[in-house]
Amino acid sequence: VVKFRRLIVVTGTPGVGKTTFSRLLAKKLNAVHIDLGELALREKLVTAFDKKRRTYVADLKRISSKLRKLIKSIQHDIIIDGHYAANVVSPNDVNLVFVLRCHPQELERKLKRKGFTSRKIAENVAAEILDSCLLDAVNSCGVQKICEIDVTNRKRTEILEEALNVLEGRTGLSVGKIDWLKKLEEEGKLNRFISLPAYRKTK
Ligand SMILES: Nc1ncnc2c1ncn2[C@@H]1O[C@H](COP(=O)(O)OP(=O)(O)OP(=O)(O)O)[C@@H](O)[C@H]1O
Ligand SMILES: [Mg+2]
C-alpha cells in the first residue's frame, strides 16, 4: 500500500493558537511541523525590521523557495504553520488548510496578554473580523480545501479532535459559517469593535 504524504496548512490571525495546535497535530500524525515565523528568523529570511511594528518583515519569496526544497526532502506528513502560510506554499501541493478562527474579543484579550502594542492588537483584531487569513487561503488554495475551526474558548484537546475528525473523514469541511460582524452585532459589541477610539489614537 502506498501512503501518500499529506501537506496540511495551518493558518489564522497571529495569536489564535496555530503553533500550539500544529505541535499537537504533528505529534498525533507523526508529522513534521514547520513554523514559518521560526523558520524565517532561523534562516534569516527577512527583508527588514519594521520599527513602527517592532517586527521583522518576512521575505515571502525566499521563504517560499526554501519551503519548496524542504518539502521535497521530507517523507512524512508536513504541517506548515503561519499566518501567511497560504501565500508561500504551492497550492497544488496542499491537501488541506485549517483556518483557526477566534472571536475578536477573545483574540483581543490574548494579544493583550502577549504584550502586543495597541496598534498591533487593532490590526490583528481587524484582520480577524475581515476574514483576512481565510480569504488568503481561499484565493490561494481554493475553497474546497479549506476548513475553518472556531477555537474560541475551547480546549486544546477539543480542537485537536475536531481536526482529526476532518482528516479522518468523519466530518466534512466547514467553511463560510463564521461571521464575526454578525456575531458582534448580535452581542451588541459591533460599535466597540469597528470604532474603538483607542484604535484611532494609534494612527
Ligand atoms: N486552546 C487553547 N486554550 C487556551 N490557550 C491557548 C490555546 N491554544 C493556544 N493557547 C495559548 O495562546 C497563546 C498563543 O498561542 P500560539 O503561540 O500557539 O498562537 P499562534 O497562532 O502560533 O501565534 P503567532 O501567530 O504569533 O505565531 C499561547 O500562550 C498559547 O499557550
Ligand atoms: Mg505561532
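Taking the number of Cβ atoms within 10 Å of each Cβ as an exposure proxy, the fewest-first ranking of F98, F21, F4, F49 is F4, F49, F21, F98. With 0.36 nm allotted per residue and the present C-alpha distance subtracted, the L70-T157 stretch has 28.4 nm of extension available.
Determine, for each peptide in 34-44, 176-186, the mean count of other beta carbons within 10 angstrom over its residues, then list the peptides with the highest first.
Numbers: 34-44: 16.5, 176-186: 14.0.
Going by the mean number of other Cβ atoms within 10 Å, highest first, we get 34-44, 176-186.
Each peptide in 70-78, 84-92, 12-20 was scored by the mean count of other Cβ atoms within 10 Å over its residues; highest first, the order is 12-20, 84-92, 70-78.
For region 1-70, the dipole from Cβ point charges (+1 on Lys and Arg, -1 on Asp and Glu) about the Cα centre works out to 120 debye, to the nearest 20.
To the nearest 20 debye, what charge dipole does the chain have about its Cα centre, counting +1 at the Cβ of each Lys and Arg and -1 at the Cβ of each Asp and Glu? Mind dumping the intermediate values first?
Values: 40 positive and 24 negative charges, 187 e Å.
Using Cβ point charges on Lys, Arg, Asp and Glu, the chain gives about 900 debye.
Considering only S90, I121, N191, the residue lying farthest towards the positive end of the dipole of the chain is I121, judged by Cα position with unit charges set on Cβ. Counted residue by residue at 0.36 nm each, then reduced by the alpha carbon distance between them, the extension gain from S174 to V143 reaches 10.1 nm. A compact globular protein would have a Cα radius of gyration near 2.2 N^0.38 Å; the ratio found for region 104-189 is 1.21.
Roughly speaking, what is the stretch gain from K44 to R5, that is 0.36 nm per residue apart minus the C-alpha to C-alpha distance, in nm to one decimal? Present the calculation step by step, with values, prior to reporting the outcome.
Values: separation 39, 0.36 × 39 = 14.04 nm, distance 2.78 nm.
Contour length minus Cα-Cα distance gives 11.3 nm.
In the chain, the alpha-carbon atoms span a convex hull of 128 Å³ per residue. In the chain, helical runs assigned H by DSSP with n ≥ 4 each contribute -39500 (n - 2.57); averaged across all residues and rounded to the nearest 500, the mean residue ellipticity at 222 nm is -13500 deg cm²/dmol.
Please build a GNM for the chain, connecting alpha carbons under 10 Å apart, and tell me which residue among L160, L100, L190 fluctuates the most. Ranking L160, L100, L190 by mean-square fluctuation puts L190 first. Taking +1 at the Cβ of each Lys and Arg and -1 at the Cβ of each Asp and Glu, which of V143, H33, L173 sits farthest along the dipole of the chain towards its positive end, judged by Cα position relative to the Cα centre? Highest projection toward the positive end goes to H33.
Against the chain, whose longest principal axis is taken from its Cα atoms, helix 156-167 shows a tilt of about 50°.
Excluding same-chain neighbours fewer than eight residues apart, the lysines reachable from K28 by a Cα-Cα span under 18 Å are K3, K18, K155.
Just so you know, all these numbers are worked out from the coordinates, no wet-lab data involved. Note that this is a predicted model, so its numbers are computed, not measured. Cβ coordinates were reconstructed from backbone atoms using ideal geometry, including for glycine residues, and neighbour counts include every protein chain displayed.
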